[in-house]
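Before any comments, here is the structure.
Where a number appears in this text, it was derived from the coordinates with a stated rule and is not lab data. Since this is a predicted model, take the numbers as computed values, not measurements. All Cβ positions, glycine included, derive from the backbone under ideal geometry; neighbour counts span all protein chains shown.
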Amino acid sequence: MTSAQLATGTLAPAVTAIRLSLHVLAATVWVGGQFTVLGLLPTVRGFGAEAPTLVARALARILWPAYAILVLTGIWNILAIGGPENSTWWIVLWVKIGVVLLAGASTLLHSKTKNRRAMAVWGAVAGLSSVVALVLGVFLAG
């Protein structure tokens, strides 16, 4: 939504509302899912040795589609909005793209490793990079 739309009280077109809603919903699932499972992990461990693995697999069935939707709607956002002539905006966009790739790669590495320490490190990188990507998206929205 542009500042002119805000000033005049006009609504975003339906396609814009759908695009942005899908992007925000997917970000909520991706970032919120990671932090929710982090908060639940101590309790889940009490259910047995296999419980964390089972919960992680179940979560992956939700998180990875959300990540895919984030990437697709992110591309859609760029194509729909373009970007200002401002070179700073483009620099932030490219940094965000790198951080999004880091978030996906570190989440994948977190899920594939068997080493407890590596799992903790990749999980921390995944969570932190996901939050950084979210914040960069807010900056890009202007």
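The mean sequence distance of close C-alpha pairs (under 8 Å, at least 6 residues apart), as a share of the length of the range 46-142, puts its relative contact order at 26 percent. Taking the chain as a Gaussian network of alpha-carbon nodes connected by springs under 10 Å, the highest mean-square fluctuation of the residues T43, T28, T16 belongs to T43. Seen from all directions on average, the range 3-141 presents a Cα convex hull projection of 9.6 nm².
What you get for the chain, charging only the Cβ of Lys and Arg (+1) and of Asp and Glu (-1), is a dipole of about 560 debye around the Cα centre. Helical content alone sets the calculated 222 nm signal of the chain at -30000 deg cm²/dmol, taking -39,500 (n - 2.57) per DSSP H segment of four or more residues and averaging over every residue. In whole percents, the pair-distance distribution calculated for the range 4-57 from its alpha-carbon pairs, binned every 10 Å from zero, is 21, 28, 20, 15, 12, 3.
Separation of the range 23-78 and the range 81-142, taken as the distance between their Cα centroids, equals 15 angstrom. For the residues G46, G33, G98, a GNM of the chain with alpha-carbon springs under 10 Å puts the largest fluctuation on G46. If R0 is 30 Å, the Cβ-Cβ spacing of W94 and L38 corresponds to a FRET efficiency of close to 0.55. With Cα atoms as the point set, the radius of gyration and Dmax of the range 40-117 evaluate to 17.4, 55 Å. Filter the trypsin sites (Lys or Arg not before Pro) in the range 42-142 down to the DSSP loop ones having no more than 10 other Cβ atoms within 10 Å, then list what survives. Sparse-neighbourhood loop trypsin sites (Lys or Arg not before Pro): K114.
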